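The next block holds one structure in the form of structure tokens; read it before the comments.
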Amino acid sequence: QVQLVESGGGLVQTGGSLRLSCAASGLPFSSCLMGWFRQAPGKEREFVSGISRSGGNTYYEDSVKGRFTISRDNAKNTVYLQMNSLKPEDTAVYYCAADYLGHYSRGASEYDYWGQGTQVTVSS
């Protein structure tokens, strides 16, 4: 059974930081492109960041470039999202997702497995 479990969300003030983690089980983690998405109330789920299977390539949605950093530890089957300089517009439920044998996937439909999400709230 595939499981992706996010953690690390919470309430933070503008300018603060959070580190999200996503622990994977039941899938060949090192064979999966991993991504982070977010969904704010009343909005569609949007791509935030992705990381290649080896971790050597990363890519970001423009609004988070320079503030967010994605990384992974294949030995621990875990992907991370370090979020700095947080803004109120970053408030959303954040989801991690896995795309088996994926390459540079930005669309939600390209991902095969999803976590349950973790809430991030940035107060102004």
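The values are calculated or read from the model by the stated rules, or taken from the named source; none is laboratory data. Keep in mind the model is a prediction, meaning the values are calculated, not measured. Here the Cβ is made from the backbone with ideal geometry for all residues, glycine too, and neighbour counts use every protein chain on show. Areas reflect the complete protein model, heavy atoms only, side chains present, ligands, DNA and RNA absent. Shrake-Rupley method; radii C 1.70, N 1.55, O 1.52, S 1.80 Å.
Give me the pairs, please: first residue somewhere in the range 93-106 and more than 17 Å from Arg45 (Cα to Cα), second residue anywhere and among the β-branched types (Val, Ile, Thr) and open to solvent by 10 Å² or more (accessible area, probe 1.4 Å), beta-carbon distance under 6 Å, and either six or more positions apart or on two chains.
As it stands, the answer is none, since no pair meets every condition given.
Do you know which of the residues in the range 68-108 that are aliphatic (A, V, I, L, M) and over 14 Å from the mean Cα position of the chain (by Cα) is surrounded by the fewest Cβ atoms within 10 Å (Cβ to Cβ)?
Of everything passing the filter in the range 68-108, Ala75 is surrounded by the fewest Cβ atoms within 10 Å (Cβ to Cβ).
With among the hydrophobic types (A, V, I, L, M, F, W, C), at pLDDT 95 or above and surrounded by fewer than 16 Cβ atoms within 10 Å (Cβ to Cβ) as the only criterion, which of Leu27, Leu18, Leu11, Leu33 stands out?
Leu11
Could you tell me whether Glu6 is open to solvent by less than 60 Å² (accessible area, probe 1.4 Å) and among the acidic types (Asp, Glu)?
So Glu6 passes the test.
Among the residues of the range 1-41, which ones are touching a strand residue (DSSP E or B) at 6+ places or on another chain (Cβ under 7 Å) and of a type in the set (S, T, N, Q)?
Gln3, Ser7, Gln13, Thr14, Ser17, Ser21, Ser25, Ser31, Gln39
Name the single residue that is least open to solvent (accessible area, probe 1.4 Å) among those in the range 36-51 being among the small types (Gly, Ala, Ser) and without any contact (Cβ under 8 Å) to a residue 40 or more places away in the chain.
The extreme case among them is Ser49.
Which number in (1) touching a residue at least 60 places away in the same chain (Cβ under 8 Å); (2) open to solvent by 50 Å² or more (accessible area, probe 1.4 Å) marks the one condition that Lys65 misses?
Unmet for Lys65, out of (1) touching a residue at least 60 places away in the same chain (Cβ under 8 Å); (2) open to solvent by 50 Å² or more (accessible area, probe 1.4 Å): (1).
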